[in-house]
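Working notes, structure below.
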Amino acid sequence: QVHLLESGGGLVQAGGSLRLSCAAAGGRVTVATMGWYRQAPGKQRDLVASITRDSNINYADSVKGRFTISRDNAANSVYLQLNDLKPEDTAVYYCNYVFGEYKCWGPGTQVTVSS
């Protein structure tokens, strides 16, 4: 069973930056598709960025050029660098692990961007 734990969220002013981390235990991030999703109050959970085992990266249009996903194989972790943050980026950010039919989520970390 894989366990994920996100960290790095917080309160930041518009235009600021944060770096989110997702540490995995019980499974290797190198063999999975790792994703970052976010969910704002009253809205569905949407994909923000993902990286496959072959290092193919995908971003939501709304974050292209501002967010960067990366992976540290030695640390068995995935990161999301958030730059030029906007109030509409406010949400709970979740890390996701997919390997074949297996999928799991972390508990999430809150990102709040003030205007």
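Numbers for the structure displayed
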quantity	calculated
Residue, farthest from Gly108 (Cα to Cα), within region 3-14, restricted to residues that are assigned to a strand (DSSP E or B) and among the small types (Gly, Ala, Ser)	Gly10
Where a residue in region 1-19 is in contact (Cβ under 8 Å) with a residue 60 or more places away in the chain and more than 18 Å from Ala75 (Cα to Cα) and its partner, wherever it lies, is among the basic types (Lys, Arg) and open to solvent by 60 Å² or more (accessible area, probe 1.4 Å), with Cβ under 7 Å and at least six apart	Ala14/Lys86
Conditions (1) open to solvent by 50 Å² or more (accessible area, probe 1.4 Å); (2) farther than 18 Å from His3 by Cα; (3) hydroxyl-bearing (Ser, Thr, Tyr); (4) within 14 Å of the chain's Cα centre (by Cα): number failed by Ser115	(4)
Test: residue in region 98-107 that is of a type in the set (Ser, Thr, Tyr) and either touching a helix residue (DSSP H, G or I) at 6+ places or on another chain (Cβ under 8 Å) or open to solvent by less than 70 Å² (accessible area, probe 1.4 Å) (or both)	no
Test result for Gly15, of a type outside the set (Asp, Glu), touching a Leu at 6+ places or on another chain (Cβ under 8 Å) and at positive phi	yes
Selection count, region 59-73, where residues are at pLDDT 95 or above and closer than 18 Å to Val31 by Cβ	4
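Residue by residue, here is whether (1) under 18 Å from Pro107 (Cβ atoms); (2) touching an Asp or Glu at 6+ places or on another chain (Cβ under 8 Å); (3) surrounded by 14 or more Cβ atoms within 10 Å (Cβ to Cβ); (4) of a type in the set (S, T, N, Q) holds:
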| site | (1), (2), (3), (4) |
| --- | --- |
| Gly26 | yes, no, no, no |
| Val31 | no, no, no, no |
| Arg38 | yes, yes, yes, no |
| Pro41 | yes, no, no, no |
| Ile51 | no, no, yes, no |
| Ala60 | no, yes, yes, no |
| Asn73 | no, no, no, yes |
| Asn83 | no, no, yes, yes |
| Glu88 | no, no, no, no |
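The values are calculated or read from the model by the stated rules, or taken from the named source; none is laboratory data. Predicted model, so just to flag it, every value in this text is computed and none were measured. We place every Cβ from the backbone using ideal geometry, glycine too, and count neighbours over all the protein chains shown. What goes into the accessible areas is simple: the full protein's heavy atoms, side chains included, and nothing from ligands, DNA or RNA. Shrake-Rupley method; radii C 1.70, N 1.55, O 1.52, S 1.80 Å.
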